[in-house]
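The next block holds one structure in the form of structure tokens; read it before the comments.
The values are calculated or read from the model by the stated rules, or taken from the named source; none is laboratory data. A quick note: this is a predicted structure, and the numbers were derived from the prediction, not measured. Heads up, the Cβs are rebuilt from the backbone with ideal geometry, glycines too, and the neighbour counts pull from every protein chain shown. Note: areas computed on protein heavy atoms with side chains; ligands, DNA, RNA excluded. Shrake-Rupley method; radii C 1.70, N 1.55, O 1.52, S 1.80 Å.
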Amino acid sequence: MDTLRVDICYRPLRIAWVIGPDDRVAFRSAVRLSHTMRGGRFNPIIMVRGVDADEIVECFRADLVIPVGDSDAARAFADRYSHLKSPFFPSDLFMRDPGRPGHAHVLDVHNGLVHWHDTPRWKALAAPGLRSFTWDENDPLADVFLMQLGDYPSEDEIGIDYWKLVNDASLPPFLVDIKLDPTQPIALETVQHPSAAYLSQFGLERHYSIRTGPDYPGFFFGDAGALDDLVCFWNLRAADIGLKFIDLEHLPRYALVRPEYERQLAEAQSHLEQRRRGIAIWGRGERWKDGQALYPDGGNWVCRISERPWGRSIKAPMMILGEESSLGVMTDKGGRPSVSFAMKDKPFSDNNWFHTQHLVASLTFLGGWSRDSQHSFRLPYVPELNEFFARSMGVHYSSLRSEPERIGIVVDAADHSAFVGALPIQDLAERLFDQAGFTATLSNAGLIARQLVARLGGVDGARVFKIPGVRRLIKTHGPTASFTKRKALHLIGSADPDNPKARFNDHADLYIEPRPHDTKLTPDMVFAYLVAKGVFRIGADLLCPTCRLSSWIALEQLRQSMTCDLCGGEFDASRQLVAGEFSYRRSGVLGLERNAQGAVPVVLTLQQLAVNTDMHHEAMFLPSFDLLAKPGGNPAKCETDLFAILPHDDDRKTQILIGECKDEGGAIDAKDVANMIAVADAFPRHRFEVFILFAKLAPFTDREIALARAGNDQYRHRVILLTARELEPYNLYERTEKELGIKGRGGSLGEAARVTKEIYFDRFDAVRMGLLGQLVKFGDRTDLPK
């Protein structure tokens with residue numbers, strides 16, 4: 001039984017609250033609800049009036065989008081995120097049965113209080129004394145206090161008295177109530193003692209998997225009466241930026257707390273080098289100028305909030321409760337790998353009382369299983385496909401969340417184990433094409449290429465096709481032609497008369513299977529490998545004495561007494577077998593037709609990409625698909641010779657590669673290019689970065705280069721051109737550097753597109769402009785490639 005390591009990060013569900021334009025009541029309700037939850041401080045609030053509403057959902061990678069209040073606009077916005085399905089039943093955030101205590105559906109601070117009880121960390125936090133703060137509802141800073149100090153919904157509203165729970169968990173001197181006077185400076189205790197707002201973030205820390213933007217701590221300058229400023233401030237803190245709100249209209253009220261917070265910042269930054277210390281000034285629009293006037297001395301960071309910062313300058317980190325590693329047990333159900341694992345070292349209470357409370361177990365699977373080419377435990381980050389992922393992987397349809405680099409499974413606090421099945425890659429490819437508006441089916445050519453890869457033991461087995469003589473051997477002898485080993489070795493080892501530079505010795509150091517490290521590859525080794533992998537079958541050519549025709553008989557059918565397949569006559573083949581030698585034929589899928597429908601250049605291209613790209617361990621490579629556009633789509637029908645999916649780390653877009661592959665003698669035409677461009681443009685740009693590849697086992701003509709160049713534009717370099725020069729060496733651009741002096745490793749699709757531009761399009765433009773100058777000079781009107 002196989003095992004693997006499962007890395008589990010436990011994180012709270014991240015809820016995006018949606019409120020209507022200028023709905024201050026809904027805003028306050030969302031803030032209070034957030035404070036009841038572990039990690040609630042990191043839940044964003046979306047006011048649907050803003051142009052950046054969708055960008056906030058993306059920036060924070062929300063697990064749920066929940067409207068608050070009575071706004072029709074808020075409900076309509078939330079309905080657009082139906083793919084973020086609620087894992088609760090019923091779907092309310094709190095369960096309330098008459099006469100019984102209420103239960104939360106989301107991991108809450110009550111769970112945290114039970115988990116922290118009697119721990120040294122809790123005692124260190126509670127020893128100075130927890131504080132509950134109250135304020136006059138007419139205080140102009142009331143909403144600022146609500147965000148920074150915290151409050152809970154009433155027991156009548158949700159069925160749980162959180163203030164009582166916090167008081168019961170406090171240590172002497174227990175929970176101390178402080179009333180903030182609107183006519184006096186803000187009490188120093190507000191920055192010296194933990195409050196309800198602090199409890200909602202206590203115990204959480206950042207996970208390294210998501211890169212963040214600038215997160216300098218300091219002050220946010222805004223108008224406490226402007227809901228836009230309040231929402232922006234809340235969301236910046238939800239992105240784990242340590243800020244305090246300052247309204248310059250009420251600056252005297254900060255007389256005590258501002259110096260104390262500055263002192264705390266200086267103390268927290270004391271271990272940093274001098275250039276990284278300072279107070280950040282944040283503000284919307286021109287508000288940062290107010291802060292700069294308050295802090296005229298240098299050494300501070302100015303962080304101006306643009307109109308649409310979310311996902312650009314501001315990036316929300318992944319906040320986790322804790323993590324552990326578990327031993328996963330592999331099973332094979334119906335030909336699909338699956339893994340079961342236990343959850344033991346939990347950073348929360350798993351008491352049965354909390355069985356209704358939900359959180360996310362964010363998973364990464366490491367090593368321990370032989371990854372086949374048909375399944376994967378790595379998902380592209382496409383939240384719109386959450387339900388498809390869940391149903392395909394054996395998870396409850398509402399309980400899976402695709403994440404950058406990971407898989408999120410919604411579990412309840414009392415769960416002790418989980419199960420996940422691998423995702424069929426072909427199903428994933430078909431669903432991604434569906435996102436682009438195409439119905440995709442694996443073509444006959446794709447079936448041939450897939451079977452060839454399976455016959456070779458995986459896509460890396462196709463490296464044997466790097467040797468020109470192997471490709472020549474396959475092309476020289478058709479599906480029904482037989483040949484001797486001597487002829488095969490001659491074709492494999494000799495130079496190609498059409499390309500004398502292609503020599504077998506160029507591949508003497510190529511490893512197609514294990515061999516002693518101090519030996520060179522020989523044609524005998526290559527041919528033996530091909531026969532052992534079933535690319536060629538062993539047999540004999542026997543002459544029937546009755547019809548005088550020769551037939552090829554497979555080894556497993558050879559006998560001394562034979563029956564002619566052509567005339568049905570029986571004859572004794574003993575003497576022919578003794579005097580003759582074995583002969584060979586193409587077998588399996590390569591025996592379907594003479595050129596095997598271009599499978600060889602396709603699998604060779606897949607092999608080279610799989611080895612050279614930095615994401616080769618996680619990338620998914622598939623052969624040809626027939627594409628049929630949905631009604632009104634363009635092109636109505638086409639095909640792609642290869643398709644690759646490269647899920648990226650952190651929050652970068654998933655990369656998609658579509659390609660057209662040609663054998664020697666083939667040509668890229670205008671229709672090929674137009675189809676690839678149309679398909680590439682059909683993928684949603686906010687989710688995918690699409691590259692277009694044209695591979696050919698011969699040099700590209702100027703016309704082909706001019707056609708392919710149309711796939712790029714001023715801002716996107718996405719076309720990749722590969723020839724035998726790039727496909728035959730082990731490293732993609734090894735020969736290119738020697739021949740042209742152009743350096744490139746090809747570790748990413750973006751780099752391959754850059755090198756392609758440098759090799760072909762920059763040179764083509766230079767030549768074209770030179771010709772144009774000459775034609776203008778001499779008055780020649782000859783057309784030039786466009």
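Filtering region 196-213 down to residues that are more than 24 Å from Leu146 (Cβ to Cβ) and open to solvent by less than 50 Å² (accessible area, probe 1.4 Å), which residue is farthest from the chain's Cα centre (by Cα)? Looking at the filtered set, the residue picked out is Gly213.
Here is a yes/no grid of residues against (1) hydrophobic (A, V, I, L, M, F, W, C); (2) open to solvent by 20 Å² or more (accessible area, probe 1.4 Å):
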residue	(1), (2)
Ser270	no, yes
Gln274	no, yes
Ile279	yes, yes
Ile320	yes, no
Ser338	no, no
Ala342	yes, yes
Asp350	no, yes
Ser362	no, no
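Of all residues in region 697-720, those that are closer than 26 Å to Ala629 by Cβ and open to solvent by less than 70 Å² (accessible area, probe 1.4 Å) total 11.
Let's see how each residue does on (1) more than 39 Å from the chain's Cα centre (by Cα); (2) at pLDDT 95 or above; (3) assigned to a helix (DSSP H, G or I):
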residue: Tyr81; (1), (2), (3): no, yes, no
residue: Pro98; (1), (2), (3): yes, no, no
residue: His110; (1), (2), (3): no, yes, yes
residue: Arg121; (1), (2), (3): no, no, yes
residue: Leu125; (1), (2), (3): no, no, yes
residue: Ser132; (1), (2), (3): yes, no, no
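Only one residue in Asn111, Asn43 is polar (S, T, N, Q), touching a residue at least 60 places away in the same chain (Cβ under 8 Å), farther than 19 Å from Pro383 by Cβ and buried (at least 22 other Cβ atoms within 10 Å of the Cβ). Which one? Matching residue, one of Asn111, Asn43: Asn111. Within region 203-248, if we keep just the residues that are among the charged types (D, E, K, R) and within 27 Å of Val109 (Cα to Cα), the residue that is modelled with the lowest pLDDT turns out to be Asp215. The residue list Val25, Val68 contains one member that is open to solvent by 40 Å² or more (accessible area, probe 1.4 Å), in contact (Cβ under 8 Å) with a residue 12 or more places away in the chain and not aromatic (Phe, Trp, Tyr), which is Val25. Here Glu137 does not fit the description of being more than 18 Å from Tyr198 (Cα to Cα), acidic (Asp, Glu) and in contact (Cβ under 8 Å) with a residue 60 or more places away in the chain.
If the condition is being part of a helix (DSSP H, G or I) and in contact with a Pro (Cβ under 9 Å, 6 or more places away or on another chain), then region 663-694 contributes Lys671, Ala674, Asn675, Ala678, Val679. Regarding Gln184, is this residue open to solvent by 60 Å² or more (accessible area, probe 1.4 Å) and among the polar types (S, T, N, Q)? Taking the combined requirement at face value, the residue satisfies it. Looking only at region 292-318, residues that are in contact (Cβ under 8 Å) with a residue 24 or more places away in the chain, of a type in the set (A, V, I, L, M) and either assigned to a helix (DSSP H, G or I) or surrounded by fewer than 19 Cβ atoms within 10 Å (Cβ to Cβ) (or both) come to 1 in all. Filter region 293-331 down to residues that are more than 25 Å from the chain's Cα centre (by Cα) and among the acidic types (Asp, Glu) and give me whichever is modelled with the highest pLDDT. Applying the filter and picking the extreme gives Glu307. Only one entry of Ile210, Ile160 meets the criterion of being within 27 Å of Ala361 (Cα to Cα), touching a residue at least 40 places away in the same chain (Cβ under 8 Å) and touching a Gly at 6+ places or on another chain (Cβ under 9 Å), and that entry is Ile160. State which residue is modelled with the highest pLDDT when the search covers only region 638-650 and only residues that are buried (at least 20 other Cβ atoms within 10 Å of the Cβ) and part of a loop (DSSP other than H, G, I, E, B). Going through the qualifying residues, I end up with Asp641. Residues of region 98-108 include at least one that is on the phi > 0 side of the Ramachandran plot and open to solvent by 20 Å² or more (accessible area, probe 1.4 Å). Checking each residue in region 544-553 for being in a strand (DSSP E or B), more than 13 Å from Glu581 (Cα to Cα) and open to solvent by less than 70 Å² (accessible area, probe 1.4 Å) picks out only Ser551. Of the residues screened, Leu149 is one that is of a type in the set (A, V, I, L, M, F, W, C) and either closer than 25 Å to Leu107 by Cα or at pLDDT below 90 (or both).
Applying the criterion of being open to solvent by less than 20 Å² (accessible area, probe 1.4 Å) and without any contact (Cβ under 8 Å) to a residue 40 or more places away in the chain to the residues of region 725-741, the residue that is nearest to Ile656 (Cα to Cα) is Tyr733. If you go through region 614-637 one residue at a time, do you hit one that is out of contact with any Pro (no Cβ under 8 Å at 6 or more places or on another chain), under 13 Å from Glu728 (Cα atoms), open to solvent by 10 Å² or more (accessible area, probe 1.4 Å) and of a type outside the set (D, E, K, R)? No: region 614-637 contains no residue that is out of contact with any Pro (no Cβ under 8 Å at 6 or more places or on another chain), under 13 Å from Glu728 (Cα atoms), open to solvent by 10 Å² or more (accessible area, probe 1.4 Å) and of a type outside the set (D, E, K, R). Among residues of region 429-446 that are closer than 17 Å to Phe621 by Cβ, those with a beta-carbon under 7 Å from a residue that is charged (D, E, K, R) and open to solvent by 20 Å² or more (accessible area, probe 1.4 Å) at least six positions away or on a different chain give the pairs Ala440/Glu430; Ser443/Asp626; Ser443/Glu639. For region 1-39, a residue qualifies if it is farther than 22 Å from Pro347 by Cα and assigned to a strand (DSSP E or B), and the qualifying residues are Thr3, Leu4, Ala16, Trp17, Val18, Ile19. Leu590 passes every criterion in (1) open to solvent by less than 10 Å² (accessible area, probe 1.4 Å); (2) modelled with pLDDT under 90; (3) in a strand (DSSP E or B) apart from (3).
Being small (Gly, Ala, Ser) and touching a helix residue (DSSP H, G or I) at 6+ places or on another chain (Cβ under 9 Å) is the filter; apply it to region 155-196 and report the residue that is nearest to Ala126 (Cα to Cα). Residue satisfying both the conditions and the ranking: Ser170. The single residue among Asp223, Asp240, Asp168, Asp177 that is of a type in the set (Asp, Glu), out of contact with any Asp or Glu (no Cβ under 9 Å at 6 or more places or on another chain), open to solvent by 10 Å² or more (accessible area, probe 1.4 Å) and not in a strand (DSSP E or B) turns out to be Asp168.
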